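Asker: Here it is, the structure, as structure tokens.
Each reported figure results from applying straightforward, stated rules to the coordinates on display, with no laboratory input. The structure displayed is predicted, hence computed values, not measured ones. Backbone-built Cβ (ideal geometry, glycine too); neighbour counts: all protein chains shown.
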Amino acid sequence: MTILQIAILTIAAIMIGQLHKGRSLALLAVSTFAVFWLQPAEPYRTLVYWLPLATLAIVVFSWALTSIPETRGWKQNWPALAVMVGAALLMDLNHSFRLTQVFTADTPNLRYTLIVIIAIAAVAFSLARWQRANRFWQFIAFIGIVLIFVFLKSPVLLQKARDAVAALRAGNTGDTSIPFAWLGFSYLAFRLLHTIRDRQTGRLPSVTLAEYVNYVLFFPSFTAGPIDRLERFIKELRLPLPLASEDWLDAGTRLLIGLFKKFVVADLLAVISISDVLVARVNHAGWLWLFLYAYTFRIYFDFSGYTDIAIGIGRLMGIRLPENFLSPYLKPNLTQFWNSWHITLTQWFRAYFFNPLTRVLRSGKISMPVWIIILVTQISTMVLIGLWHGIAAGFVAWGLWHGAGLFIQNRWSDFIRPRLPAWTRTRSGQTILNLAGIFLTFNFVALGWLFFTLSTPAIAWQAMQKLFGMA
């Protein structure tokens, strides 16, 4: 998002926060509008319209599959459906208004849009009515969302799609100018998978269409998190937190801090952050360490800045989003680092992958040593977190780096704890150990960013050799 877009959405949040009636529908309207408005430009221009519409369709289908009969009544849900359809049609009409500063004017023919919207409504209504088949369709939806996610995160599959589209449009398979940038799908997918899985296990609260869509598309956190949970979000949506004078101050301060982090600190650090070009051209280890530390702090200020912006805007509407970063670079070990870095993402993987996998391995017919269970669960979890960022060798290597680090830290802690000398239990000893842990953890994480930001693991390894004077 740009500063102008953030400013406009902040004004919208202030106005919504002052409403006593119609707050939910107003929030729904702004969130639906934001899905279209924030969608990145595409050379294949109608995708700018069809991808946001597909987002709305997937959300409506997911609500139909996860809702219960008591919340599916037409009377309680038609206003939300009308708002969403109205917003979609209004954005489609921009081919007549031609407000290109707001949205593309290359929208599809209104007739086609109406046909698609009617089809979406019909399918959603059918899914909601077929109670006995819901569990099957929930499974299909879960797999479908994962497959879309894999496609969007795979450069190979995206390239094949670009070639296919280019061939259809121009007969030129070498044309690679057709990108597929589906706004917010990384975070959208995790919210939807959370609701589908919790409905299957009976833990999902009952919500109307408006409440469900507001949770999934909540515009402050739609594009960059944090990944909230429905049961927590819905409480404050129904009963917003009061906005006293100190709350306005807190929200405004958080928003300004986020803007400063993202658009001042992070953008300045980007100028000197480590890159493939710098690794190839710079041979002095000292300079490379400087460039690596610049990237290390840049990625923190970038991610945490967006989180601060989201939390500040959400607070203006009486909704307190969960924290996502809690001074992660000041943690004395890797476990605490991951408990304070991208917290909601880590908690999601812990709840829906790490813990279930641990239970399966511990309850299996074949008895496995504890250390093997820890190794398998930590490595696989961190590799999946890496792949969440993109299906590429560098992200896999980054996941392996952190998975191995967590395993080694776990085993080393168990080994060394009873063998520590008495002085380590004094206040000064604890301080020394804590500072040493912070230093080692920070540098371990910083070195891991090489795999994350450089284009290949080979270049990352080359950078690591130069950093330690081995190349």
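Asker: Taking a label point 7 Å from the Cα of GLN18 along the Cα→Cβ vector, which residues of the stretch 313-332 have an amide N closer than 19 Å to it?
Answerer: 313-319
Asker: Would you mind ranking LEU243, LEU28 by Cβ crowding within 10 Å, fewest neighbours first?
Answerer: Values: LEU243 17, LEU28 24.
So the residues, fewest neighbours to most, are LEU243, LEU28.
Asker: Measuring from centroid to centroid over Cα atoms, what is the spacing of the stretch 56-75 and the stretch 406-466 in Å?
Answerer: 47
Asker: What is the angle, in °, between the Cα long axis of helix 3-17 and the longest principal axis of the Cα atoms in the chain? Nearest 10 is fine, range 0 to 90.
Answerer: 60
Asker: Could you order peptides 284-295, 99-110 by the average number of other Cβ atoms within 10 Å of their residues, highest first?
Answerer: For the peptides 284-295, 99-110, the packing ranking is 284-295, 99-110.
Asker: Turning to a different aspect of this structure: I'm checking a number: the convex hull volume of the Cα atoms of the stretch 245-316, normalised per residue, in Å³. What is it?
Answerer: 64
Asker: Among LEU81, LEU387, THR107, which residue has its Cα furthest toward the positive end of the charge dipole of the chain, with +1 on Lys/Arg Cβ and -1 on Asp/Glu Cβ?
Answerer: Sorting the options by dipole projection puts first LEU387.
Asker: About its Cα centre, how strong a charge dipole does the stretch 223-272 have in debye, to the nearest 20, once Lys and Arg get +1 and Asp and Glu get -1 at the Cβ?
Answerer: That gives a dipole near 160 debye.
Asker: Quote the FRET efficiency, to the nearest 0.05, computed for TRP461 versus TRP130 with a Förster distance R0 of 51 Å and r equal to the Cβ-Cβ distance.
Answerer: Approximately 0.45, to the nearest 0.05.
Asker: On to the next question. Angle, helix 245-260 long axis vs. longest principal axis of the chain, Cα atoms, 0 to 90°, nearest 10?
Answerer: It is inclined by approximately 70 degrees.
Asker: So, in nm, how far is label ALA105 from label PHE468 when the simple model puts each one 7 Å beyond its Cα toward the Cβ?
Answerer: Going from the ALA105 label point to the PHE468 one covers 5.9 nm.
Asker: If you don't mind, there's one more thing I want to ask. Kindly write out, for the stretch 358-374 in residue order, the coupling ³J(HN,Hα) from the Karplus curve 6.51 cos²θ - 1.76 cosθ + 1.60 (θ = phi - 60°), rounded to whole Hz, with x marking Gly and Pro.
Answerer: 4, 5, 5, 5, 6, 9, x, 5, 8, 6, 10, x, 4, 5, 5, 4, 4
Asker: If I stretch the segment between LEU241 and LEU290 completely, what's the gain in nm (0.36 nm per residue apart, minus their alpha carbon distance), one decimal?
Answerer: Stretched out fully, the LEU241 to LEU290 stretch lengthens by 13.3 nm.
Asker: Listing LEU447, LEU321 from the residue with the fewest other Cβ atoms within 10 Å to the one with the most, what is the order?
Answerer: LEU447, LEU321
Asker: Determine the shape class of the stretch 344-469: with a ≥ b ≥ c the square roots of the Cα gyration tensor eigenvalues, call it rounded for a/c under 1.5, and otherwise prolate if a/b is greater than b/c, oblate otherwise.
Answerer: It comes out oblate by the Cα gyration axes.
Asker: Roughly what angle does helix 393-416 make with the longest principal axis of the chain, taking Cα atoms, 0 to 90 degrees, to the nearest 10?
Answerer: Roughly 50 degrees, rounded to the nearest 10.
Asker: Then there's this: Suppose R0 equals 30 Å. What FRET efficiency, 1/(1 + (r/R0)^6) with r the Cβ-Cβ distance, do ARG359 and VAL146 give to the nearest 0.05?
Answerer: Efficiency computed from Cβ-Cβ geometry: 0.90.
Asker: Between TRP78 and ARG45, how many nm apart are label points set 7 Å from Cα along the C-beta direction?
Answerer: Placing both labels 7 Å along Cα→Cβ, they lie 3.7 nm apart.
Asker: Let me ask something additional. Please find the FRET efficiency linking ALA7 to THR426, where r is the Cβ-Cβ separation and R0 is fixed at 51 Å, and quote it to the nearest 0.05.
Answerer: Once the sixth-power term is evaluated, E becomes 0.45.
Asker: Looking at the square roots a ≥ b ≥ c of the eigenvalues of the Cα gyration tensor of the stretch 293-382, which shape do they give, rounded for a/c under 1.5, prolate if a/b is larger than b/c, or oblate?
Answerer: In terms of gyration-tensor shape, oblate.
Asker: Please rank ARG315, ARG197, fewest neighbouring Cβ atoms within 10 Å first, as an exposure proxy.
Answerer: Working: ARG315 24, ARG197 17.
Ranking ARG315, ARG197 by Cβ neighbours within 10 Å, fewest first, gives ARG197, ARG315.
Asker: 5 Å is the cut-off here: which amide hydrogens, built 1.01 Å from N in the peptide plane, fall below it relative to VAL207, excluding neighbours closer than 5 in sequence?
Answerer: Close amide H contacts, sequence-distant or interchain: ILE68.
Asker: How big is the Cα convex hull of the stretch 382-428 in projection, averaged over all directions, in nm²?
Answerer: Numbers: hull surface 18.1 nm².
Orientation-averaged projected area of the Cα hull: 4.5 nm².
Asker: Given the options TRP287, PRO322, ILE8, identify the residue whose Cα lies farthest towards the positive end of the charge dipole of the chain (+1 on Cβ of Lys, Arg; -1 on Cβ of Asp, Glu).
Answerer: The Cα lying farthest towards the positive end belongs to PRO322.
Asker: Shifting gears a bit: How are the C-alpha pair distances of the chain spread across 10 Å bins, as whole percents from the shortest bin up?
Answerer: With a bin width of 10 Å, the distribution comes to 4, 17, 26, 27, 17, 7, 2, 0.
Asker: Mind checking which lysines have their Cα closer than 26 Å to the Cα of LYS261? Skip sequence neighbours fewer than 8 apart in that chain.
Answerer: Counting by Cα, and skipping residues close in sequence, LYS261 has these lysines nearby: LYS331.
Asker: Something else about it: Can you tell me how much longer the chain between ALA122 and ILE372 gets when fully stretched, taken as 0.36 nm per residue apart minus their C-alpha distance, in nm with one decimal?
Answerer: Stretched fully, the ALA122-ILE372 segment lengthens by 85.0 nm.
Asker: Would you list which lysines come within 21 Å of LYS153, measuring only between C-alpha atoms, while excluding same-chain residues fewer than 8 positions from it?
Answerer: Here the lysines satisfying the reach criterion relative to LYS153 do not exist.
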